[in-house]
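Input: a single structure, listed below in structure tokens.
Just so you know, all these numbers are worked out from the coordinates, no wet-lab data involved. Because the structure is predicted, anything quoted here is derived from the model rather than measured. Neighbour counts are summed over all protein chains in view; Cβ atoms, including those assigned to glycine, are modelled from backbone coordinates with ideal geometry.
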Amino acid sequence: MKLSTKSEYACLALIDLAEQYTKGLIKSDDIATRKKLPKKFLDQILFILRNAGYIKSKRGADGGYRLAKDPSEISLAEILRLMD
């Protein structure tokens, strides 16, 4: 099965947020750097994930993203259906 770039980046972003789950809010710049993703495209994907309820965000200098659910409650199939 071939994933779209959008689906692949969404999965990589969620994996990064799951790896950092106990560390609090994570900036999109940090996700983009660690996973080598284009920041503008990542921001669009994070917006979709936030609207779907998979992640939460906080604005401002001390803001960032975190998972809205425990990582074990998020399935790959759900993310692929959302992105495609």
Segment 1-41-segment 67-83 distance, computed between alpha-carbon centres (Å):
13 Å
Cα-based reach from Lys56 at 24 Å (exclusive), listing lysines while leaving out same-chain residues under 8 positions away
Lys6, Lys23, Lys27, Lys35, Lys36, Lys39, Lys40, Lys69
Zone of Arg59 (label point 7 Å along Cα→Cβ, backbone N under 17 Å): which residues in segment 33-49?
43-44, 46-48
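Sequence gap at least 6, Cα distance under 8 Å: using those rules, report the relative contact order of the chain to the nearest whole percent.
On the way: 86 pairs, mean separation 30.8, N = 84.
It rounds to 37 percent for the chain.
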Using the Karplus curve 6.51 cos²θ - 1.76 cosθ + 1.60 with θ = phi - 60°, work out ³J(HN,Hα) for each residue of segment 7-17 in order, rounded to whole Hz, and write x for Gly and Pro.
5, 4, 5, 4, 5, 5, 5, 5, 4, 5, 5
Compute the Rg to Rh ratio over the chain from the alpha carbon atoms, using the Kirkwood formula for Rh, and round to two decimal places.
0.93
Could you derive backbone 3J(HN,Hα) for segment 66-75 from the dihedral phi with the Karplus parameters 6.51, -1.76 and 1.60 (θ = phi - 60°), listing whole Hz in sequence and x where the residue is Gly or Pro?
8, 5, 7, 10, 4, x, 6, 8, 9, 9
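What number, rounded to the nearest 500 deg cm²/dmol, is the helix-based mean residue ellipticity at 222 nm of the chain, given -39500 (n - 2.57) per DSSP H run of at least four residues and division by all its residues? Don't jump to the answer; show the numbers that get you there.
Numbers: 4 runs with 44 residues, N = 84.
Computed mean residue ellipticity for the chain: -16000 deg cm²/dmol.
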The answer for Ile55, listing residues at least 5 apart or on another chain whose modeled amide H is closer than 5 Å to its amide H, is Arg50, Ala68
